[in-house]
Amino acid sequence: MKVLREKNLSHPPLEIVFTVAEELALLGSSHLDSSQITSRCGFILDAGGPVGEIVIQAPEQAKINAVFHGRSAHAGFAPEEGISAIQMAALAITRMKLLRIDPETTANIGSIQATGPTNIICDRCQLQAEARSLDSAKLRAQVEGMVKALESAAAEMGGTVEIEVQSCYPSYRLDQGAEPARRAAEAARQVNLPVRFKATGGGSDANHFNNRGIPTVVLSCGYEKVHTTGERIALDQLASLAEWVVAIISGE
């Protein structure tokens, strides 16, 4: 905005949207009143990889919350009388397909929580997991497999499990000729950036915008080692990103 004003660059009407709670499965944009937006296309700054890459496909995500219930008993006096909720969760995890399932599908255990002294068989253990895929049918199959693993582990060990499956956000796919993809590619070439269209395994606010009728692409921002303590971004990538955004906004 500052550059547009300083250089007095012409541009179409702009709507700038700031959302909250993006890392909580796009919680903020899921509650956004899209009727307030009149733009016919959108651009999100939220992808790893070198500046110039344009995300035109992203996955659907589901989360799984499971609580195992066993039976407490003294671990030294009468362990035979106990049913370990931790052991049930561990058995379930060993039966799941996790991490990279195929080129379009992933799954992960995010946390497993149980507290108590070592001399008591733990009777409660909570597990949180997710699955995501570019293919809705594959996502359903992956979630069903994970749920089956949870249920069978609890049943075999004589315990129970409560399972909640939450659909977090839908997938989307745009053609390279869609308006935001075309505009982003043309602008990238204007500022001498190599253009590459790609799919991603991550969700962004674009998932909701696309499924509400506002074609939206995600622009790669140049950051590396995403969601690790080594995450970083080169200053020249930041500068290139700013030039790219100005070119998109001020282009025809």
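The values are calculated or read from the model by the stated rules, or taken from the named source; none is laboratory data. All values derive from a computational prediction rather than experimental measurement. Please note: Cβ atoms are built from the backbone with ideal geometry, for glycine as well, and neighbour counts cover all protein chains shown.
Hey, any hits in segment 196-205 for a residue that's under 30 Å from ILE93 (Cβ atoms), of a type in the set (A, V, I, L, M, F, W, C) and not in a loop (DSSP other than H, G, I, E, B)? Yes. Quick check on ALA21: is it surrounded by 16 or more Cβ atoms within 10 Å (Cβ to Cβ) and closer than 26 Å to GLN126 by Cα? In short, no.
The C-beta contact set for segment 145-174 (first residue assigned to a helix (DSSP H, G or I), second residue at pLDDT 95 or above and of a type in the set (Ser, Thr, Tyr), distance under 7 angstrom, 6+ apart or interchain) comprises ALA154/THR160. Checked against the criterion of being closer than 25 Å to LYS225 by Cβ, free of Cβ contacts under 8 Å to residues at least 40 places away in the same chain and of a type in the set (Lys, Arg), the candidates ARG5, ARG100 yield just one match: ARG100.
Of the residues making up segment 203-218, one or more are under 12 Å from GLY49 (Cα atoms) and of a type outside the set (Lys, Arg). Restricting segment 100-129 to residues that are outside any loop (DSSP other than H, G, I, E, B) and touching a Cys at 6+ places or on another chain (Cβ under 8 Å), the residue that is surrounded by the fewest Cβ atoms within 10 Å (Cβ to Cβ) is GLN113. Hey, could you check segment 142-175 for residues that are of a type in the set (Val, Ile, Thr) and in contact with an Asp or Glu (Cβ under 8 Å, 6 or more places away or on another chain) and say which is surrounded by the fewest Cβ atoms within 10 Å (Cβ to Cβ)? It comes out as ILE163. Taking the numbered list (1) more than 19 Å from GLU15 (Cα to Cα); (2) outside any helix (DSSP H, G or I) in turn, ALA239 passes all entries but (2).
Only one of the numbered conditions (1) in a loop (DSSP other than H, G, I, E, B); (2) over 30 Å from ALA90 (Cα atoms); (3) not hydrophobic (A, V, I, L, M, F, W, C) is not met by ARG189, and that is (1).
Of all residues in segment 80-99, those satisfying the criterion of being surrounded by 12 or more Cβ atoms within 10 Å (Cβ to Cβ) and either not in a loop (DSSP other than H, G, I, E, B) or not assigned by TED's automatic domain parsing to the domain that holds ALA154 (or both) are ILE83, ALA85, ILE86, GLN87, MET88, ALA89, ALA90, LEU91, ALA92, ILE93. Restricted to segment 190-245, and to residues there that are of a type in the set (S, T, N, Q) and without any contact (Cβ under 8 Å) to a residue 60 or more places away in the chain, the residue that is surrounded by the fewest Cβ atoms within 10 Å (Cβ to Cβ) is THR229. Pairing residues of segment 38-49 that are touching a residue at least 12 places away in the same chain (Cβ under 8 Å) with residues that are of a type in the set (Phe, Trp, Tyr) and in a strand (DSSP E or B), at Cβ distances under 8 Å and at least 6 apart in sequence or on separate chains, gives GLY48/TYR223.
With respect to the stated conditions, ASP175 is under 23 Å from the mean Cα position of the chain (by Cα), of a type outside the set (Gly, Ala, Ser) and in the same structural domain as LEU32 (by TED's automatic domain parsing). Summed over segment 14-34, the residues that are farther than 28 Å from ARG132 by Cα and either outside any loop (DSSP other than H, G, I, E, B) or without any contact (Cβ under 8 Å) to a residue 24 or more places away in the chain (or both) give a count of 1. Selection of segment 76-95 for residues being more than 20 Å from GLN142 (Cα to Cα) and either over 40 Å from the mean Cα position of the chain (by Cα) or free of Cβ contacts under 8 Å to residues at least 12 places away in the same chain (or both) yields GLY76, PHE77, ALA78, PRO79, GLU80, GLU81.
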